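The next block holds one structure in the form of structure tokens; read it before the comments.
The values are calculated or read from the model by the stated rules, or taken from the named source; none is laboratory data. In this text the structure is predicted, and so the values were computed from the model without any measurement. No Cβ is skipped: glycine too gets one built from the backbone with ideal geometry, and neighbour counts run over all protein chains shown.
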Amino acid sequence: MADDKKVKKTKKKKEEGEAAPAEEEAPKRASTRESKKAKRTGSNIFSAFSQRQVAEFKEAFQMMDADKDGVIGKNDLRQTFDALGKMASDKELDELLGEATGPLNFTMLLTLFANRMSGSADEDDVVIAAFKSFDDGGKIDSEKLRHALMTWGDKFSTAEVDEAFDQMTIDSNGKIDTSKLIQMLTASAEEEEEAA
């Protein structure tokens with residue numbers, strides 16, 4: 001009987017001994033999962049680009065980071081512009097750096113590129129600025145716009161311009177209401193986003 005008690009005690013100790021390490025391992029597993037999750041969250045920006053693109057961005061970043069501190073600052077930008085033979089004012093450099101929500105390290109640079117490539121709200125600002133450049137007292141001359149669309153940038157064909165003009169309200173003087181045109185264009189972009 002004494003042997004039975006020893007076996008039971010040994011069994012009980014083993015069970016208790018096994019339970020304790022299992023409890024210790026559980027927090028380790030959770031923290032490992034959390035750290036992997038944190039790593040995935042932080043590296044999502046890298047998945048927006050191919051490995052080749054990331055390598056090219058890294059090379060460009062290293063070229064721009066003149067002081068090699070891992071952050072592109074105002075002096076780094078100034079040296080980059082100088083090397084390209086372009087003059088940049090302090091205001092322009094501050095505006096460029098102001099686009100970043102924090103220090104302009106490599107991850108932040110990728111984030112800025114990804115935001116630009118994703119076509120964020122900045123596209124509406126570009127559309128508005130483009131059409132306001134044709135604005136003359138709240139109206140756009142349709143013939144000047146037609147000429148511009150068929151001459152510069154990604155040139156429109158006559159059929160493409162005609163199709164676009166069919167969507168616009170052009171008055172008897174050949175003028176397009178600038179604010180209505182901008183509203184139509186920016187609203188259709190929002191509708192496309194909502195449909196997606």
Look at residue 69 and say whether it is assigned to a helix (DSSP H, G or I), at negative phi and at pLDDT 55 or above. no
Which members of the stretch 72-81 meet the condition of being assigned to a loop (DSSP other than H, G, I, E, B) and β-branched (Val, Ile, Thr)? 72
How many of the residues in the stretch 48-66 are at pLDDT below 90, assigned to a helix (DSSP H, G or I) and among the aromatic types (Phe, Trp, Tyr)? 1
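To keep it simple, each residue is scored yes or no on (1) modelled with pLDDT under 85; (2) surrounded by 12 or more Cβ atoms within 10 Å (Cβ to Cβ); (3) farther than 17 Å from residue 61 by Cα.
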| site | (1), (2), (3) |
| --- | --- |
| 80 | no, yes, no |
| 83 | no, no, no |
| 93 | no, yes, no |
| 96 | no, yes, no |
| 105 | no, yes, no |
| 113 | yes, yes, no |
| 133 | yes, no, yes |
| 153 | yes, no, yes |
| 158 | no, no, yes |
Helices (runs of 4 or more DSSP H) (entirely within the stretch 82-190) containing at least 2 residues that are farther than 30 Å from residue 72 by Cβ: 122-132, 142-151, 158-166
